[in-house]
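A.B. asks: My questions will all concern the structure given below.
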């Protein structure tokens with residue numbers, strides 16, 4: 001029997017990759033995407049672009065197969081996630097063309113924590129979750145899969161359990177807080193309605209582990225952008241005869257960051273979803289228990305970004321103008337390079353057909369960075385070529 005799955009956040013990084021994997025893995029699954037039009041760009045156009053881009057990062061990407069699957073089994077509902085849930089549920093029932101909705105994946109979220117609009121964060125991450133859950137319940141979805149973040153742990157350090165965190169804690173930013181509130185709402189609404197649910201907590205999602213490509217670049221890639229800009233500044237100073245002082249970066253020697261390749265995150269979530277009732281009502285960390293050492297990452301990545309002379313560690317207090325520039329630009333990321341966390345996982349690794357048993361190595365992250373920088377340079381080059389052609393015509 002044909003199966004219908006609903007996905008919010010279809011134009012986002014993780015949501016678009018989830019849709020691509022659902023379409024490529026299951027030939028009888030119809031995916032309903034909830035997205036909104038932006039200006040003259042329709043919701044369908046936005047979803048088509050992001051899902052195609054996500055699919056193209058896979059090693060076995062077949063453009064023809066992707067086009068056929070998208071044309072036959074992808075449906076788009078133009079509806080903002082913060083709008084009323086009643087019309088959304090009605091649109092889902094009308095568009096599904098299936099007897100029922102098997103899974104409702106809520107991936108939509110605002111992930112920006114660098115000077116975000118707090119009202120928008122609350123509207124999307126909290127009220128949007130309520131809208132999605134009510135729509136799922138109203139259309140009779142068999143289960144509700146809520147995508148959260150491992151960093152709802154906030155400023156807690158040490159071992160973090162796969163459990164709802166009802167005890168108050170301090171958060172590093174409004175993003176973490178809104179995702180924490182959303183988890184609690186999902187659990188309480190599910191208990192009140194009897195709707196089966198799961199909560200997935202990914203770490204920091206990066207590109208594909210085999211191609212190193214990503215459809216969208218944010219998160220740790222923003223840190224690479226900042227490092228590159230500092231590297232360019234230091235290079236300019238050196239070119240005019242100034243010898244820059246050693247760059248000093250304050251980071252804890254025991255801090256870790258929990259990176260997870262996007263296709264592995266999707267595989268892990270789909271694995272749990274396929275386990276049936278045994279994994280319902282659970283909280284799942286979608287990352288390795290141990291993270292990648294932050295200092296090791298910095299020491300590998302900075303030379304690639306043009307920063308050769310630097311010192312990193314707990315004792316490094318910013319002194320020079322370049323130090324302070326880097327610190328200011330990385331202010332929002334500071335908590336993540338100074339804290340140690342270990343995200344405990346209750347399902348043994350040998351029971352999972354994924355690669356989450358070990359953290360992403362700093363050497364592997366170098367490959368992700370190389371691909372990212374190469375794509376940026378290629379894009380800048382192509383834009384420059386078009387501008388030159390326009391000027392000469």
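A.B. asks: Can you name every residue in segment 238-262 that is surrounded by fewer than 18 Cβ atoms within 10 Å (Cβ to Cβ) and either in contact (Cβ under 8 Å) with a residue 60 or more places away in the chain or under 18 Å from residue 292 (Cα atoms) (or both)?
C.D. replies: Those that are surrounded by fewer than 18 Cβ atoms within 10 Å (Cβ to Cβ) and either in contact (Cβ under 8 Å) with a residue 60 or more places away in the chain or under 18 Å from residue 292 (Cα atoms) (or both): 245, 246, 252, 253, 254.
A.B. asks: Return only the number of the condition from (1) in contact with a helix residue (DSSP H, G or I) (Cβ under 7 Å, 6 or more places away or on another chain); (2) crowded, with 21+ Cβ neighbours inside 10 Å; (3) more than 30 Å from residue 329 (Cα to Cα) that residue 215 does not satisfy.
C.D. replies: (3)
A.B. asks: Restricting attention to segment 101-121, does a residue exist that is touching a strand residue (DSSP E or B) at 6+ places or on another chain (Cβ under 6 Å), assigned to a helix (DSSP H, G or I) and either surrounded by fewer than 18 Cβ atoms within 10 Å (Cβ to Cβ) or at pLDDT 85 or above (or both)?
C.D. replies: No, there is no match, as no residue in segment 101-121 is touching a strand residue (DSSP E or B) at 6+ places or on another chain (Cβ under 6 Å), assigned to a helix (DSSP H, G or I) and either surrounded by fewer than 18 Cβ atoms within 10 Å (Cβ to Cβ) or at pLDDT 85 or above (or both).
A.B. asks: Out of all the residues in segment 359-376, which are modelled with pLDDT of 85 or more and farther than 19 Å from residue 300 by Cα?
C.D. replies: Answer for segment 359-376, where residues must be modelled with pLDDT of 85 or more and farther than 19 Å from residue 300 by Cα: just 375.
A.B. asks: On to the next question. Just to confirm my filter: which strands (runs of 3 or more DSSP E) fall fully inside segment 238-336 and include at least 3 residues that are under 23 Å from the mean Cα position of the chain (by Cα)?
C.D. replies: 259-261, 283-286
A.B. asks: Moving to a separate point now. If you scan segment 162-187, which residues turn out to be farther than 22 Å from residue 107 by Cβ and either part of a helix (DSSP H, G or I) or modelled with pLDDT of 95 or more (or both)?
C.D. replies: none
A.B. asks: Quick check: is even one residue across segment 188-197 touching a helix residue (DSSP H, G or I) at 6+ places or on another chain (Cβ under 9 Å), assigned to a strand (DSSP E or B), modelled with pLDDT of 95 or more and buried (at least 16 other Cβ atoms within 10 Å of the Cβ)?
C.D. replies: Yes, that holds for at least one residue.
The values are calculated or read from the model by the stated rules, or taken from the named source; none is laboratory data. All values reported here derive from a predicted model rather than from experimental measurement. No Cβ is skipped: glycine too gets one built from the backbone with ideal geometry, and neighbour counts run over all protein chains shown.
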